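Read through the structure below, which is laid out as structure tokens, and then see the notes.
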Amino acid sequence: MYSVETSVKVVRPRGALTAATADAFRKEMLTAITSNASEVAIDMAAVDSVDNSGLKAILAGCDTAKRHSKRLSLCDVAPPVRIVLELVQIDRAVSMIDRRSLQAA
């Protein structure tokens, strides 16, 4: 019998991911990625908007996660934010998971 153990670090930004908040978000995300966790989940449920600085922070997290061989996911992205992420094709670089639909299944 085999068992697989994964540790997931969750980062929960709130409000708008903009120039005013992106640096703090980036630092928190990079700390999580460089921790001993095998996966990092960014819980986007409380994020209501994202601008260019927020997008750059997410992409920096994708690059860092890849360099550290970690999995990075965006979870529970609100529809208006999801539209922005899909328009700039971030969904090609990072998986977006809707945990609510997984729980309903």
Could you check, for the range 1-12, whether at least one of its residues is at pLDDT 95 or above, under 20 Å from R92 (Cα atoms), under 12 Å from the mean Cα position of the chain (by Cα) and surrounded by 18 or more Cβ atoms within 10 Å (Cβ to Cβ)? no
ask   = Does L55 satisfy the condition of being among the aliphatic types (A, V, I, L, M), out of contact with any helix residue (DSSP H, G or I) (no Cβ under 6 Å at 6 or more places or on another chain) and closer than 17 Å to K27 by Cα?
value = yes
Margin query: So for the range 19-39 (the condition being of a type in the set (D, E) and free of Cβ contacts under 8 Å to residues at least 12 places away in the same chain), does at least one residue qualify?
Written below: no
Discussion item. Taking the criterion of being at pLDDT 95 or above, in contact with a Lys or Arg (Cβ under 6 Å, 6 or more places away or on another chain) and not acidic (D, E), would at least one residue in the range 73-92 satisfy it?
Written reply: yes
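The values are calculated or read from the model by the stated rules, or taken from the named source; none is laboratory data. Note that the structure is a prediction, hence the values are computed from the model and not measured. Every residue, glycine as well, gets a Cβ built from its backbone with ideal geometry; the counts of neighbours run over all protein chains shown.
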